[in-house]
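Notes for the one structure printed next.
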Amino acid sequence: MTKITMKHLRYFDALARHRHFGRAAEASAISQPALSLQVKELEEILGAPLVERGARQITLTRLGEDFALRARDVLRSVDELASLARAATGPLSGRLRLGVIPTVAPYLLPRLMRELAGRFPDIDLRPREAVTPKLVRDLHEGRLDLAMLALPVSEPSLVEHALFDEEFLLVRHAAAAGLPVPPLTELPQAPLLLLEEGHCFRDQAIAVCKLAPGGPGERAGEIMEGSSLSTLVQMVGAGIGVTLIPEMAAEVEGRSAPVVLHRLPEPRPGRRIGLVWRRSNPLSDRYVDLAEGLAAGLRSEAMPHQTVAAEARGTD
């Protein structure tokens, strides 16, 4: 009798995540017919359908939904067994799946990759950019080993390790260079440009400006959205409004458009960036060492944005 294999579980997990045979096959680096064959074989082994096949997408049956959750647990446990072996055989090595939020990845990821390559030459880094809710979900489901995001996450099953703090900077059109910096509560009148829903930096900016999402302070015409920090800065450069960016983005974004950067009044708002991983991961102690090494590396020389931020102080 044919038995369920890890290949069955991995391919079905991909299908359950993507809900599309083509996308699941692409993510699994196999052909669509091969993936479909593996899923059909799994159904035959179980003696019940896992998938309702439609013209454009698939729907999991009730058994399929339950099976997907159990399969994910098994796959995560198997990955952790491999990590357990790695933890007992010397320095940190092998595949490291690192998730990074979009407001960090373009500005810090290249340097982080150099730092990790220098400190841990046997690591095979696999970076992935996504918003915080997806990174946290992928951590829980075992599709990521580490995530770099804004703290706190405040989930008991996850370990948080701070790397550094940074301030938020106000971005205005270059014509405003000589004007006083407005109070935070007046920023929506400009209007205020924010990232789209799902970005933690959007929520932080709303909190800084003491706005309630959808509340009286967020009236039509006062809040506009963009898909990235670069888009927001370009909109400011076109004279549309003002925005906030994290300090690490100053060097890149401050030179990309006719804008001026200001430090905000005390107490200056900011955020804490750190690494997060599953508490159950056998490599947890190694990740603490990795995080402390990264933090030390970032402190050992001025981060690029610190110099630019110092220049921005002169525009206040």
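Read-outs throughout are calculated quantities, based only on the coordinates presented, and are distinct from any laboratory measurement. It should be emphasised that the depicted structure is a prediction, and the values quoted were computed from it without experimental measurement. Neighbour counts run over all protein chains shown; Cβ positions are idealised from the backbone, glycine included.
Got the relative contact order for the chain handy, in percent, Cα pairs under 8 Å and 6 or more residues apart?
20 percent
Inverting the mean 1/r over all pairs of different Cα atoms, compute the Kirkwood radius of segment 169-269 and quote it in Å.
Value: 13.4 Å, from the Cα pair sum.
Quick one: which residues, 5 or more positions from Thr243 or on another chain, have an amide H under 5 Å from its amide H? H modelled 1.01 Å from N in the peptide plane, none for Pro or chain starts.
Under 5 Å from the amide H of Thr243 lie the amide H atoms of Val171, Leu193, each far enough along the sequence or on another chain.
If you rank Met113, Met248 by fewest surrounding Cβ atoms within 10 Å, what's the result?
Met113, Met248
Thinking of segment 6-84 as a set of Cα atoms, what percent of all their pairs are more than 15 Å apart?
For segment 6-84, the share of Cα pairs beyond 15 Å comes to 53 percent.
Given an 8 Å cut-off on Cα distances and at least 6 residues of separation, report the relative contact order of segment 6-84 as a percent.
30 percent
In the P(r) worked out for the chain, what percent of Cα pairs fall beyond 32 Å?
Here the tail beyond 32 Å accounts for 42 percent of pairs.
Suppose every Lys and Arg Cβ carries +1 and every Asp and Glu Cβ carries -1, with no other charges. What dipole size does segment 20-177 come out with about its Cα centre, to the nearest 20 debye?
400 debye
Gain in length, Val288 to Ser154, computed as 0.36 nm per residue apart minus the alpha-carbon separation, to one decimal in nm?
46.5 nm
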